[in-house]
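Let me begin by presenting the structure, written as structure tokens, before commenting on it.
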Amino acid sequence: MKVLLIGSGGREHALAVALNRDPELEELHVAPGNPGIAQIALCHAIDSDDNFQVVALAQELGVDLVVIGPEKPLVNGLADELRKADFAVFGPSALAAKLEGSKDFAKQVMHDAGVPTARSFTCTTKAEIIAALDAFGAPYVVKHDGLAAGKGVVVTDDRQLALDHAYLSPRVVIEEYLDGPEVSLFGISDGTTILAMQPAQDFKRALDGDLGPNTGGMGAYSPLPWAPADIVEQTWIQVLKPTIAEMKARDTPFIGLLYAGLALTKQGIRVIEFNARFGDPETQVLLPRLITPLATLLYQAATGSLKNSPDLAWSPDAAVTVVLAAEGYPSAPKVGDPITGVESVEGAEVFQAGTTLKDQVLHSSGGRVLAVTGVGSSLETARSKAYEAIAKIGLRGSYYRRDIALTASLSSKVREN
Ligand code: AMP
Ligand code: GLY
């Protein structure tokens with residue numbers, strides 16, 4: 001099988017590694033990719049936000065499958081254009097990607113599908129905003145309707161801050177606050193059938209102890225020893241399956257990765273958000289644990305033939321990933337500095353994200369520079385491997401969280417005793 005993967009981040013690096021493990025894979029092409037991906041696949045320096053260029057590349061290469069990593073090309077209709085040109089595509093149409101692209105749309109789908117989520121109001125006027133904030137009270141949750149690269153959501157006790165954030169967007173979703181640990185649980189869908197993956201947890205705040213600003217994600221781990229034993233089954237029943245059925249009934253089948261961001265509240269599972277693509281950095285811990293060959297699996301999803309495929313197979317091992325962030329991330333990341341030590345990492349996997357080659361030397365080019373994943377028989381072992389490895393990497397001013405998967409690894413140790 002010849003596969004073209006679209007994207008250039010740590011998620012795509014992890015996807016590329018996992019696709020390469022599939023014995024059915026003959027050629028892996030990535031556009032545009034990054035220096036890490038270029039070591040294991042053929043990279044093509046096109047503008048992947050330009051649908052025309054991507055379709056032309058897929059045609060030139062004659063690929064059997066296109067896998068779309070990031071949300072932007074999905075919302076821009078890349079999957080539609082590729083399907084029009086007769087390619088098998090893993091990634092939802094623009095209409096189906098609205099599950100991520102519009103919070104209001106996602107709420108409507110959940111409502112119609114009977115999927116448990118926070119009660120909410122979609123507001124377009126000041127009066128509606130004030131009424132919605134008063135209806136729910138603090139903590140206030142205000143979400144801009146459209147794609148906002150992680151900057152669209154504010155959760156605050158400060159009413160003025162909530163109001164200010166709401167007024168920035170012509171359309172906002174204001175919802176009740178959900179109390180409980182957050183879990184990311186992904187499903188792989190062919191439009192009719194959806195297979196649930198294992199749960200993961202990511203760490204969104206920049207600093208230890210969940211302090212500091214929100215980020216794209218500073219680390220992740222899987223599995224979750226503390227989560228209810230039936231979390232995968234319950235999420236499949238309550239969330240994934242009805243959402244896929246609803247999308248199909250609307251004639252906009254969801255073919256791709258449905259990312260359910262969940263809060264495990266005292267009242268049960270609640271959906272915080274949907275995304276229409278693999279999560280980053282959760283993918284960097286999930287795919288190293290996935291035994292099922294990935295290229296074949298995504299091809300089955302892209303061609304409507306998941307029904308006959310067996311359940312996903314997982315390694316019992318734990319995985320922990322730690323993100324190395326540039327100085328100043330997330331508000332003003334410093335880029336263009338040399339990165340040392342990546343080649344010397346042993347016993348862990350480095351997934352590159354914000355990197356570039358300058359005179360053959362690896363340099364930082366983004367806020368989240370790379371992620372280091374350790375895999376081991378326990379979360380504790382996986383953590384040690386990830387942290388030992390990341391300590392070997394040098395980048396001036398960079399930082400990483402020291403407490404990724406710490407609480408979970410301690411609680412699972414107590415359980416073993
Ligand atoms: P989102 O972009 O929807 O994932 O929201 C970003 C973050 O805001 C989530 O990961 C949660 O930590 C938080 N959040 C969003 N919605 C709620 C909610 N209804 N209750 C509590 N926290 C929320
Ligand atoms: N890990 C959060 C995201 O991918 O949106």
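A few comments on the model shown:
- Criterion violated by Cys123 - all others in (1) in contact with a helix residue (DSSP H, G or I) (Cβ under 6 Å, 6 or more places away or on another chain); (2) more than 30 Å from Thr156 (Cβ to Cβ) satisfied: (2)
- Members of segment 249-271 found to be of a type outside the set (Ser, Thr, Tyr) and within 11 Å of ligand 2 (Cβ to nearest atom), listed by number: Leu257, Gly261
- Output for segment 150-169, where each listed residue is of a type in the set (Gly, Ala, Ser) and away from ligand 1 (no atom under 12 Å from the Cβ): Ala162, Ala166, Ser169
- Residue ID - farthest from ligand 2 (Cβ to nearest atom), chosen from residues in segment 207-226 that are under 21 Å from Leu147 (Cα atoms) and assigned to a strand (DSSP E or B): Pro213
- Which listed residue, of Ser48, Ser102, is in contact (Cβ under 8 Å) with a residue 24 or more places away in the chain, of a type in the set (Ser, Thr, Tyr) and over 30 Å from Arg270 (Cβ atoms): Ser48
- Filter result (modelled with pLDDT under 95, touching a strand residue (DSSP E or B) at 6+ places or on another chain (Cβ under 6 Å) and more than 10 Å from ligand 1 (Cβ to nearest atom)) within segment 170-206: Val172
- Hits in segment 124-149 - residues which are under 12 Å from Leu163 (Cα atoms), more than 15 Å from ligand 1 (Cβ to nearest atom) and not in a helix (DSSP H, G or I): Thr125
- Flag for Leu147 being out of contact with any strand residue (DSSP E or B) (no Cβ under 9 Å at 6 or more places or on another chain), in contact (Cβ under 8 Å) with a residue 12 or more places away in the chain and not small (Gly, Ala, Ser): yes
- Residues in segment 177-230 that are in contact with a Lys or Arg (Cβ under 7 Å, 6 or more places away or on another chain), more than 24 Å from Pro92 (Cβ to Cβ) and hydroxyl-bearing (Ser, Thr, Tyr): Thr215 only.
- Restricting segment 136-153 to residues that are more than 16 Å from ligand 2 (Cβ to nearest atom) and closer than 17 Å to Asp104 by Cβ leaves a set whose member that is surrounded by the most Cβ atoms within 10 Å (Cβ to Cβ) is Val142.
- Listed by position, the helices (runs of 4 or more DSSP H) contained in segment 1-66 that have at least 3 residues being within 18 Å of the chain's Cα centre (by Cα) and away from ligand 2 (no atom under 16 Å from the Cβ) are 10-21.
- Test: Val285 is within 16 Å of ligand 2 (Cβ to nearest atom), of a type in the set (Val, Ile, Thr) and under 26 Å from Gly366 (Cβ atoms): yes
- Pairs with Cβ under 9 Å, 6+ apart, first in segment 153-168 and outside any strand (DSSP E or B), second of a type in the set (Lys, Arg) and loosely packed, with under 13 Cβ neighbours inside 10 Å: Leu163/Lys126; Ala166/Lys126; Tyr167/Lys126
- Of Ser365, Ser409, Ser384, all but one fail to be free of Cβ contacts under 8 Å to residues at least 12 places away in the same chain and on the phi < 0 side of the Ramachandran plot; the exception is Ser384.
- Residue in segment 207-225 that is nearest to ligand 1 (Cβ to nearest atom), counting only those that are surrounded by 21 or more Cβ atoms within 10 Å (Cβ to Cβ) and modelled with pLDDT of 95 or more: Gly217
- Those residues of segment 154-191 which are away from ligand 2 (no atom under 15 Å from the Cβ), touching a helix residue (DSSP H, G or I) at 6+ places or on another chain (Cβ under 9 Å) and within 25 Å of Asn76 (Cβ to Cβ), in sequence order: Arg171, Val172, Val173, Ile188, Ser189, Asp190, Gly191
The values are calculated or read from the model by the stated rules, or taken from the named source; none is laboratory data. Fair warning: this is a prediction, and the values are worked out from it, not measured in the lab. Cβ sites come from the backbone with ideal geometry, for glycine too, and all protein chains shown count toward neighbours.
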